[in-house]
């Protein structure tokens, strides 16, 4: 049955039936009740696409992945696992998730404008956040719902976000290095503009001071989440007059690249893997220590954050899901 047939049975105009189904205030409660009862009796179901078009909604949230201009394709497994938890929660609200990988930062900017101006999605989740992030300012200025995977100083951080607790990672890593007797502890983090990289770096400095260890800025390498970046970090450290004796990574992918370098040069450095974004590092001969990421929890928390943004609720959601420390991580078959 369509709306025209339902209107004919009720002897009402199509416009009145449509307004009644959408609880329009100009239609009396008695008429609304009569129309809804008839719709249920005859099995009429409004067309979801048409209803959403009238309301200006597409029931879709867009997850913007880091642009693929560098080596960020390596992070695909991380985001696929997070997206599974996100989609599970959003589907309960009849909302779909679309993932978009921009070619570069310029392409991402254009696509973000299309989302806002053409309403290709009802809300956006940003990743790879920067300390001062123009994307956040743009979405806020246009009053477009958003949440982020990662913090930022933009808007003083007063928006919906979920992040990894990199401060805890750095503190635990430095403590383990100190307990093992190491004194020259290095860090491989992200570029200066990265909010997560800045948090990780500052926490490393503070942890060294708390452990009465020297903060040597020569032992700081700022790169990307990629194997290539880890390889370059080890090349840099190995050529220092006094190389570090213990190295902390933000991601296990960086550590993988560093491991390739040590095998190539036949040298050895103790590593702390940071956070495990995949299972690959568990196949290394020397099993790494680091933190497992609760991917599904992060995805579910992101869903809570973006729903909060879409509903315009205050205060904003701020979430740091608990990470699990794993010593000498082994690959588990099955």
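The values are calculated or read from the model by the stated rules, or taken from the named source; none is laboratory data. For clarity, every value in this text was computed on a predicted model and none was experimentally measured. So basically every Cβ, Gly included, is an ideal-geometry build from the backbone, and we count neighbours across all protein chains shown.
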>> Can you find a residue that is closer than 21 Å to residue 230 by Cα and in contact with a strand residue (DSSP E or B) (Cβ under 7 Å, 6 or more places away or on another chain) anywhere in segment 106-123?
In response: no
> Which of the residues belonging to segment 242-254 are touching a residue at least 60 places away in the same chain (Cβ under 8 Å) and closer than 14 Å to residue 200 by Cβ?
Replying inline: 247, 248, 249, 250, 254
> Using beta carbons and a limit of 8 Å, which pairs, at least six apart or on different chains, have the first residue in segment 109-121 and assigned by TED's automatic domain parsing to the domain that holds residue 65 and the second one modelled with pLDDT of 90 or more and in a loop (DSSP other than H, G, I, E, B)?
Replying inline: 115/121; 115/144; 116/142; 116/144
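Looking at residue 121, is it outside any strand (DSSP E or B), over 18 Å from residue 147 (Cα atoms) and either within 12 Å of the chain's Cα centre (by Cα) or at pLDDT below 95 (or both)?
The answer is no for residue 121.
Could we say that residue 278 is surrounded by 12 or more Cβ atoms within 10 Å (Cβ to Cβ), modelled with pLDDT under 95, under 24 Å from the mean Cα position of the chain (by Cα) and assigned to a loop (DSSP other than H, G, I, E, B) here?
yes
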> Within the group 139, 101, 126, which residue is outside the structural domain of residue 248 (by TED's automatic domain parsing), within 16 Å of residue 194 (Cα to Cα) and in contact with a strand residue (DSSP E or B) (Cβ under 6 Å, 6 or more places away or on another chain)?
Replying inline: 126
